[in-house]
Every structure is written in structure tokens, then in C-alpha cells.
1. Would you check if there is a residue in region A:308-318 being out of contact with any Asp or Glu (no Cβ under 6 Å at 6 or more places or on another chain), assigned by TED's automatic domain parsing to the domain that holds residue A:279, within 20 Å of residue B:338 (Cα to Cα) and among the β-branched types (Val, Ile, Thr)?
2. Within region A:186-203, restricting attention to residues that are away from chain B (no Cβ under 11 Å) and surrounded by fewer than 21 Cβ atoms within 10 Å (Cβ to Cβ), which residue is nearest to residue A:140 (Cα to Cα)?
3. When you scan region B:210-222, do you find a residue that is touching a residue at least 60 places away in the same chain (Cβ under 8 Å), within 11 Å of chain A (Cβ to nearest Cβ), surrounded by 17 or more Cβ atoms within 10 Å (Cβ to Cβ) and not basic (Lys, Arg), even just one?
4. Among the residues of region B:144-164 satisfying the criterion of being in contact with a helix residue (DSSP H, G or I) (Cβ under 6 Å, 6 or more places away or on another chain) and crowded, with 19+ Cβ neighbours inside 10 Å, which is nearest to residue A:214 (Cα to Cα)?
5. Give, as residue ranges, the strands (runs of 3 or more DSSP E) completely inside region B:261-365 that count at least 1 residues that are basic (Lys, Arg), surrounded by fewer than 18 Cβ atoms within 10 Å (Cβ to Cβ) and within 14 Å of chain A (Cβ to nearest Cβ).
6. Among the residues in region A:3-18, are any basic (Lys, Arg) and surrounded by 16 or more Cβ atoms within 10 Å (Cβ to Cβ)?
7. Where residues in region B:19-68 are part of a loop (DSSP other than H, G, I, E, B) and of a type in the set (A, V, I, L, M), which of them is surrounded by the most Cβ atoms within 10 Å (Cβ to Cβ)?
8. Just need a number here: residues in region B:14-50 that are at pLDDT below 95 and of a type in the set (Asp, Glu).
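The values are calculated or read from the model by the stated rules, or taken from the named source; none is laboratory data. Everything quoted here is computed from the prediction, not taken from an experiment. Ideal geometry is used to build each Cβ from the backbone, glycine not excepted, and the neighbour counts take in all protein chains shown.
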Protein chains: 2
Amino acid sequence: MDATYDGDLVRAGRQAREQFYDARGYGRPDDGGVVLAPVEAAHLLFRGDLDVVVDGREGHDGDRLDFRSFLASTAVSEVAFFVYKDLRDRGFYLTPTLDSRVGDETGDFVVYPRGKGPWDDTVAYRVRAVSERAEVTADELQALAAADGDGTGVLAVVDEESELTYLEIDSPTITGSTHHDLEPVTGDLLADRVLVWDPPTSLHERAFYGQRLDENGGPVQLSLVEAAYLASNGTLSVVDGEGDAGDAAQDGDGEQAVIERGRSVEGERFDRRLRVYSALRTAGVAPKTGFKFGADFRTYAHVDSVDDLGHSETLVRVLSPTYAFAPRDLALDVRLAHGVRKRIVFALTGATAGIEWLSVERLTP
Amino acid sequence: MDATYDGDLVRAGRQAREQFYDARGYGRPDDGGVVLAPVEAAHLLFRGDLDVVVDGREGHDGDRLDFRSFLASTAVSEVAFFVYKDLRDRGFYLTPTLDSRVGDETGDFVVYPRGKGPWDDTVAYRVRAVSERAEVTADELQALAAADGDGTGVLAVVDEESELTYLEIDSPTITGSTHHDLEPVTGDLLADRVLVWDPPTSLHERAFYGQRLDENGGPVQLSLVEAAYLASNGTLSVVDGEGDAGDAAQDGDGEQAVIERGRSVEGERFDRRLRVYSALRTAGVAPKTGFKFGADFRTYAHVDSVDDLGHSETLVRVLSPTYAFAPRDLALDVRLAHGVRKRIVFALTGATAGIEWLSVERLTP
């Protein structure tokens, strides 16, 4: 059975079509025969279903390529091969999107539900295959998240030892029931936080802003991002630096002083974090620092009282919309979140634009 | 009882010395009285042991500063105060190093064992206190690690919500018993790995290089860093790209081809990682990819056979000696390592210099 590589695709005849496409979902029918993507041909070579592929490229003299020489050639990406092979090993039929048969080009592979194939009309996953050394832009992850409904978007990472990690990419909805009415308070702006000296218990013990300076009570310390949010909605008035306690800044000035302090200690990242903090609070979710988890925030969807606090559900990392993810950093965040039974969510936002939310979770297809 | 801030230290008389230094280890005796660091005075104000500190700075007219106004002034760092207070709450006496009483200036505080004080001759911890927003250089961590023997080196991080995380910094010794004699092998250099087509079982199944292409056996895939190491010690000959299998590169050429490939996919980081990989193997430790943990390597100290593999003990992250750590990234690595019962070790190395090892672990003083 002859199969010929033309520099783009591998073409074979009727018998190959019956044996590979009709029976096992490789390639697509074409003019009575079958057309295979190089990665499909590589898998057939690997399995011994094809002995060789004839190299029909000019200057290659019809070389007969076995699996070893085909894989070592530039015809097929080893990363694509490892992902294709692994999904086949897991019992899936799948189609490379490079041959443009599939209208929506999201991902490198369209994976059908187990027991289904390219003849059917359902898609289980849209898989993008990358090396651990590739960078994946926020845009690419958003495209995978948007694929949802017509196959779950999946990033498949091949690490340097050829092990695979599958990451499911979604657009989560952030929502909770944490809403509390607060009475006005006044605080001192220190170098990197605000101290509220006579806080009502609602501030920390119910609405979960800040924390007490001492276990036994006393002033509540607010982070700069909490203080900026509370100043922006009129709850907090701020006294700056070494000034008198009576010398409270005018409405708006206090907010500006906190924001400027935030920018001076944190740069433009402060504005991004404040925007995300505000969106979380507006959505009814209480954000607290995610420092111990290496994230910006951990969030609680339902806070009635700090004495009766549930488990925080989500870790949030705030990033620029132009951020490029290193797959290894993604692996770190996903592994950590899994270990503490939370989900990692990336909040993509510029200083002034809206927020796109992306969740990433380990997946076993 | 009068205590006066002179712009540098707080000075008080004999009664204060008896009450604060003699009885509870605050400050140091000086000319019959006592000299306090501002953070010590802040703690005495916080506790109500001092009512006010008189501001003796020029232009401050002898203002009487209570805890609130002293903390809001520039006299005392809130980060230092939170750390000082927390260690006092935990039952330790400690001395700020800024007053140069302590010869070795490593860290911001010298902490005595519980029940001991500045009159005694033993040190439990040397603590450096930083905000989560500060960067900590590799040099600073190395100084803390070097303090060992005269107090454990500790980094105390105050996060934006004023919570404390203590990290113990050490210089670990890397050693293991993984040594295997290998027979020569030949492999194909692909885009991002090397395939050894007829591997002896010793290569993967005993010495734990690479992994099999298929569960049922077949070729062994080596990562570029494994391949470069095996080429450097003469075990591996490499065939490049689309060339004939018989066309093995000359000794040395193969090693160079792998290293150049590594640099082209990874930049100068490849040389650093190869240096660390080689040092780990030389120390009798088997490094494998740490990708799933977001690290460079995970390591196994004792590998006799892959069928009988123990738990990997260590995660290794390779960094430049000029690296500046963000405390939040440290928290992420330490938390993840703890969750998977491993220790995180940073290998600091340039492209050509030696390697410094730093381990970081969560500590509860």
C-alpha cells in the first residue's frame, strides 16, 4: 500500500481509505482515496499499519521513510505526534485542524467523544498542543475558553521529557452573596496600609475587610487595595501620614492619596488589582490576600460572619491582557490550586478596560 | 516615666531600664538608663507600658506621641513592628540589629531562644523582615543561610493584609546514591529531544534517563539536558536531523549539536540548567523534569530501578546568582513543595561559575 508525502499532506488510495478512514477515523476521504495529515501518517507508521511513506517532495528522489526517519524529518512535529498518540491511546478519534476541514480552527486537534468519529457531529475537546517551552498568549487561552459549547477548550502541554499535561480552559462566572452595609469609618494612611482605630465590628467581623491588629481586638488594618475600594464608595475617610487625627482629608482626596500610595509601592499593577478587587466585591465575593498561595487574591463567595467562614473557593491572579503564559507557570498555579482544593482564575485587565476571566484546571481526557 | 525620641533611638532613665531591659529584654543599658530602638518603643506604647514618647527632634516642639501617632510617624517601620510584635506574642525576646550592638548584622532582629534574653549568649533566629512587595536578592538569602550555626536564618514576610509568613533559609547538601554504569548508545536529535532507538534497559529502567516512547517499550526519549549530559560523558552519540542513521556525529560534535539545540529553544537558561543537572547527577541524585510542579527538576536520591522508585524528595529551580526573589513567588514555591511533601531548593548559577544551593521552608517560630 503506497502513501506519498507531498510536502504538505500524505495521500493514499482506496484500500487505505477503507482501512484507515472508514474503519478507524484517520484522515479524510478524497477522490476515492484518503488524505492524511503528517501526524496521522506518523501514527500509522508507529503502529506498523503503514510500513513506509514515500517522500514525494522534489529533490527527495522518492525516499522511503519509515517511522524513525519520518519523525526525524521536518514533515511532522514531535509535539503534535505525542499529543495525537496519547489521545489515541486513551481511546479517542481525533482530526488535526491543519487540513482546514474543520471550519472553526480553534486548537490543533478536534477530538470526538469516545465511540464517535469524524463522521459524527459531536466534538468533545478542541486541543491546542504546545511544547512546555512555547509561550501561550492570553488571546490563545481566551479562544480556547470561547470554544466551549462546541467542545471543551484544552491546552495540551508536552514537557521536555515528553510527558503530557492537559489543562481545561474556561470562562468562569464570578458570583457570590457577600453584601454588607457599612457605616462610615476613618483611618490613618501608613506606609503600606491603613489603620482604622475605632472600627465598628461590621467592618472586619462581618464584611471581612482588613484584620485586627491584635487577636484581642483593637484597630483594623486595611490593605491599600481594600482602603482604596472603601474610600471610592464613600465608606472610608483617610488621614495621611504624620498629620493630626482631626485633619481628615476631603472626600475624594483620601481615595486619591491611597491610590497614589498604592501606585508608589506597586506601580501600575495596583490599578489592575484595584479594578479586579472592586469587580469581585461588586459580584458579591469577598477577596482577601492570596499571598500564602502566591496569588493576588483568594475569594469567599458567601461571608456572613468571619467566625463562620467557609473555605475560600478561588485563587485569583491579576494579569495584563497582553500577558504571555509560560506553560510551566500555568502548571505551578494549577498544581498548587488543586492541592489546596481551590480553582485558579486569571483576571485579565488593563488599567482602564474591562475584565476577562479565565479558569484553568487539570483535566484527564 | 519620660522616653525621648532623638530621631534615631528612644532614650529613657533608670526606672525604664529596670522595668523594660532588666525585666523583659527591651533595649540595652546605657549610662544608667536604657536605649530603645523605635520598634521596641512602639511595642511598649502598644502594650501601654509607655504612655507617650516625647519627640525630641528639632522642629517637633517636644510633641507627645502616643502609639497611634508614633506608628503613623516615620520613626518606625510598620513592617518591623508587625514582626517584632508577632515574635513577642510568640514568647520570644528579640533585639533589633540596627543599634549595632550585635556584631554580625545579618537580619533585622536577633531572636533569643524562649526563656533567654539579650543577657544570654545564645541566638535562636536571625530574622530579616520585609514587605511582600520588597524584592529579596539571592545575596540576602545567602547571608541568611550563612548565619546558620549562630541562629537560623529566617525571612519574615509581612503581606499586604499584615499577615506573617516565616521562611527558614538554609544551604542544603545535595547527595545521593544513584550511580550506574552505562554502555554507549546512539540517538537521533529531533527538534526538542533525542530518541534512542535501541536502548539497553540500563538507560531508562535502571539509571532513569528519559522515558519510553510507549508503555510497552520501544525507543527511549531523552530530554535535551539529559542528552547533553550523556553526550558530555561519552555515553551518547548523536545523529542530527534528517541525516542517515549511520551518519553519527564525531565525538564532541554530537554534544555540541545538542547544546546548540538547547540554546536555540531555551536561550542561556539551557547552560544553567545543564550545569545544575550535571552537578545533581555527579552528587548521585537523579533529576527528572519538575514541570508538573512548575520547577526545573524533581530529584531522586536513591534509584536502583525505575520499577522500585521512591518519592522524589526535592524540587529544584535554577536561577541566576543575581536573581531578585519576589516574596510572593517564594511563598508559591514553598507552599507547593510543602503540599507535595518535597523541599524546594534554588540552584544559583551563572553560565560558567559554581553553584550555590539555597533551601527555603516554612517555619513556625
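1. yes
2. Among residues in region A:186-203 that are away from chain B (no Cβ under 11 Å) and surrounded by fewer than 21 Cβ atoms within 10 Å (Cβ to Cβ), the one nearest to residue A:140 (Cα to Cα) is A:202.
3. Checking region B:210-222: not a single residue is touching a residue at least 60 places away in the same chain (Cβ under 8 Å), within 11 Å of chain A (Cβ to nearest Cβ), surrounded by 17 or more Cβ atoms within 10 Å (Cβ to Cβ) and not basic (Lys, Arg).
4. Per the criteria, the residue is B:162.
5. Counting at least 1 such residues, we get B:356-363.
6. Yes: region A:3-18 contains one or more residues that are basic (Lys, Arg) and surrounded by 16 or more Cβ atoms within 10 Å (Cβ to Cβ).
7. By that ranking, first place goes to B:50.
8. Looking only at that region, the number is 2.
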